[in-house]
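These notes are about the structure you will find just below.
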Amino acid sequence: MTLAVGVIGTGVMGAEHARLLRSSTSGAHLAAVCDADESRAKAAAQGAAVFTDAHALIASASVQAVVIASPDATHAEYALACLAAGKPVLCEKPIAATAAEGLAIVQAEAALGRRLVTVGFMRRFDPAYVEMHSARTSGRIGNAVLLHNIHRNLSAPDWFTGAMAVTNSFVHEIDISRWLLGSEMVTARVTSAPGGDPMMVTMQSDKGEIVSTEVHMNAGYGYHVHAQMVGRLGTVEMAAPTRVLTNLAATQSFDFPPNWVPRFTEAYRLQMQAWVDATLAGRTVGASAWDGYVTTAIAEQIVDGMTSGGQITLTFPLARPALYA
Ligand code: ISE
């Protein structure tokens, strides 16, 4: 018997998660998909059950675990429904559209007394980020002092509002910086170029590390994510985002992908496999509901404070519950 997984939402990410469950994940199978657009759901289902109501999928006896990949504003409602049904859930980032909703998920899980939520911050499974993480934890580069992040998108879709550059894109750097450094962020400052894009966000951690991030939604040339960690003894950074170099017409070159799916294919695959393995073993992996709440709370405070241009002091109404120790 393999884990029966239902996927809610069959847009870019939901279709990719469904594909991974159908063809590249051991120990699990795609049992159901759900989308308000039934024909899109059928295309992703390829034989699995099709729902147009997410709550019906969550309640279905033929679904043991759920992947949420619907629009950001629906994540909290469905994650809470999964907790109420006692079903493990891999929820795409962000965990919720507001910090208050994220907090409600943390409180519901803490009341349940067991962790069922993983937030899909897939960069934690990307081989380059994993190596950077171990360069710090092994002590190889000495204590970290700086982290430079670059997050460039080819172009933002029409429906992408200014705040989403923070709540939908920069949340990745909030999460990966906390994870890479093993620190909590305590302050933030935002400087935007005319028109708002790109923006530079500088955060400082409780250990004093400085985290700089260029968040660029319309970089124009391709999808490009880069990070360099500076330690007291040396630095570690990602190599070019490619596996091959081409020598042609007196030029050496490599390609940039158009979006994050090709760049992070391996991370998504490893994340899905790790989540399935952990679920079958009754454990969780990856970013917790607490991590999801903290990233959304930081993003929300940055959005609220960014117009002032001054330093934002990051605060959280709740201390980390023992469940997330
Ligand atoms: C998108 O939703 C993602 O999660 C991508 O990883 C990120 O790079 C992009 O900016 C987001 O819009």
Single residue of the range 286-325 satisfying the filter (assigned to a loop (DSSP other than H, G, I, E, B) and over 20 Å from T202 (Cα atoms)) that is least open to solvent (accessible area, probe 1.4 Å) | S288
Residue selected from the range 166-182 under the condition farther than 16 Å from M199 by Cβ and either touching a residue at least 60 places away in the same chain (Cβ under 8 Å) or open to solvent by 10 Å² or more (accessible area, probe 1.4 Å) (or both), by the criterion nearest to the ligand (Cβ to nearest atom) = D175
Could you check the range 60-165 for helices (runs of 4 or more DSSP H) lying wholly inside it with 2 or more residues that are surrounded by fewer than 15 Cβ atoms within 10 Å (Cβ to Cβ) and outside the structural domain of A36 (by TED's automatic domain parsing)?
-> 127-137
May I ask you to list the residues in the range 200-256 that are charged (D, E, K, R) and either open to solvent by 20 Å² or more (accessible area, probe 1.4 Å) or within 16 Å of the ligand (Cβ to nearest atom) (or both)?
-> D206, K207, E214, R232, E237, R243, D255
Per the filter on the range 45-54, residues surrounded by fewer than 19 Cβ atoms within 10 Å (Cβ to Cβ) and closer than 21 Å to T279 by Cβ are A49
Count of the range 260-274 residues which are more than 9 Å from M122 (Cα to Cα), within 12 Å of the ligand (Cβ to nearest atom) and crowded, with 18+ Cβ neighbours inside 10 Å | 2
For the range 191-246, the count of residues that are within 21 Å of the chain's Cα centre (by Cα), assigned to a strand (DSSP E or B) and within 27 Å of W159 (Cα to Cα) equals 12
Examine the range 275-285 for a residue that is open to solvent by less than 50 Å² (accessible area, probe 1.4 Å), within 16 Å of the ligand (Cβ to nearest atom), out of contact with any Leu (no Cβ under 7 Å at 6 or more places or on another chain) and not hydroxyl-bearing (S, T, Y), and state whether such a residue exists.
-> no
Under 7 Å between Cβ atoms, at least 6 apart or on separate chains: pull out the pairs that start in the range 136-154 with a residue that is within 17 Å of Q204 (Cβ to Cβ) and end on any residue that is within 16 Å of the ligand (Cβ to nearest atom) and among the charged types (D, E, K, R).
-> N149/E173
In the range 129-147, anything among the hydroxyl-bearing types (S, T, Y) and over 14 Å from S183 (Cβ atoms) is listed as Y129, S134, S138
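The values are calculated or read from the model by the stated rules, or taken from the named source; none is laboratory data. What you see is a predicted model, and the numbers here were worked out from it, not measured in a lab. For neighbour counting, all protein chains shown are included, and Cβ atoms are generated from backbone atoms with ideal geometry for every residue, glycine included. To get the accessible areas, we keep the full protein, side chains included, count just its heavy atoms, and leave off ligands, DNA and RNA. Shrake-Rupley method; radii C 1.70, N 1.55, O 1.52, S 1.80 Å.
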